[in-house]
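Coordinate-derived values only; no laboratory data. Keep in mind that what you see is a predicted model, and the values were worked out from it rather than measured. Methodologically, a virtual Cβ is constructed for each residue, glycine included, from the backbone with ideal geometry; neighbour enumeration extends over all protein chains shown.
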């Protein structure tokens, strides 16, 4: 069994180096219904997003934006319908996936940063990234959310906006065609410079062929060609 | 494979460990205090204390673990780390494994370190340490495994600490009974192999069951958010 998985790994690696085409993914949701507590929050909802696309979920508070994101990530079970990736059932929480399949990256207000650790330590706790020094070096070259000033401060001492910038910087390190970004209100507390940086970050991910689904009350720059899904119409 | 997530979580635990050492030292102080209360309450008769010694040490170890157990997953749940790990290769499995290992090291090692003092306090022969310490090491591992189930089940509940104690105390009875019996048999000069095997069996059973139950409970916590 280990031999087999090793073979599959090398196959996947050689595959990705031989043809330079990034993998193409199409995520489809069909007839999705969700319950939150006892309350039905959406029914018969369809959506689709492909590599290089940005889907923005819109709607008033309580319309089910976050719940839909949680459902895509597999936290909230669907009461009806299904989510598929390239026509195969999609499960974001499979324990082991082949190297070339789609993985989710989650961002929400509970951002996963440990409050007692510094920003840099938090950033070093990323899957598949190099140790500390490397992240620092990378940030000195390109620091999209200008977090250099509080890199060595514990996250606890940061303001909400600063914290959000650290969490979004973490997102930048996983900008590739293999990632589906699930962002719950990522730009709600950002200042205008932060919002620009956020749009630039989305553009980079998009250019790399990545997928993004975000819940937001803000409109995005039309150059990103986002598609909007209005959830208030559904009910 | 699963290793990626597991080592990542271990690294995180190592970084976080510095910040929570205070909590666990408090736990050790609590352990000593409970044990020190008994002589004051039951009177200073050396024979009585010698007889009570092993039971008191075990009960103190059990009680001192309770007030900190609700912190096992609470911070990671509140800060959104559970969502992050469940989407990584390895998922909650690697996380729960790393978390339990670090929790065990942080909470049990100091407790074992202070136990010789209690042995002296209760005038038990120092040679009893060679039975008491290993049995406590395995017994507290059992308690941690039970605590992981209870902590994940009560996560986010109101009065989680109280609920957790009510869940954990009855479940830990077998551990307490076999654990105390080992040292008592040794002190009475009998063989303690039977009790030791039973304690080992409880440990192996919990080692198999607890992570599965804990992960299932954590999943349902994520569902309800």
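Quick notes
- Cα-only radius of gyration and Dmax that characterise region B:149-221, units Å: 15.7, 49
- Peptide A:109-118 - average C-beta neighbours from other chains (10 Å radius): 5
- Cα pair distances in the protein assembly as shown, grouped into 20 Å bins until the bin that holds the longest one, percent each: 22, 47, 24, 7, 0
- For chain A, convex hull of alpha carbons as volume per residue, Å³: 151 Å³
- Available extension along the chain between residue B:216 and residue B:47 is 56.0 nm, counting 0.36 nm per residue and deducting the alpha carbon span.
- Debye intensity ratio I(q)/I(0), log10, region A:78-185, q values 0.10, 0.18 Å⁻¹ (C-alpha model): -0.35, -0.93
- P(r), alpha carbons of region A:133-235 - 5 Å bins starting at zero, rounded %: 2, 11, 21, 23, 20, 12, 6, 2, 1, 0
- Hydrodynamic radius by Kirkwood, which averages 1/r over all alpha carbon pairs of region B:1-108, in angstrom: 15.9 Å
- Each helix, a run of at least 4 DSSP H residues, gives -39500 (n - 2.57); summed and divided by the residues of chain B, these come to -30000 deg cm²/dmol at 222 nm.
- For region B:2-224, taking Cα atoms only, Rg and Dmax work out to 18.2, 59 Å respectively.
- At q = 0.17, 0.18, 0.30, 0.34 Å⁻¹, base-10 log of I(q)/I(0) for region A:63-108 (Debye sum, equal scatterers on each alpha carbon): -0.52, -0.58, -1.30, -1.41
- DSSP beta bridge pairing in chain A, given as percent antiparallel to the nearest 5: 45 percent
- Between residue A:24 and residue A:191, the simple label model (points 7 Å from Cα in the Cβ direction) yields a spacing of 4.3 nm.
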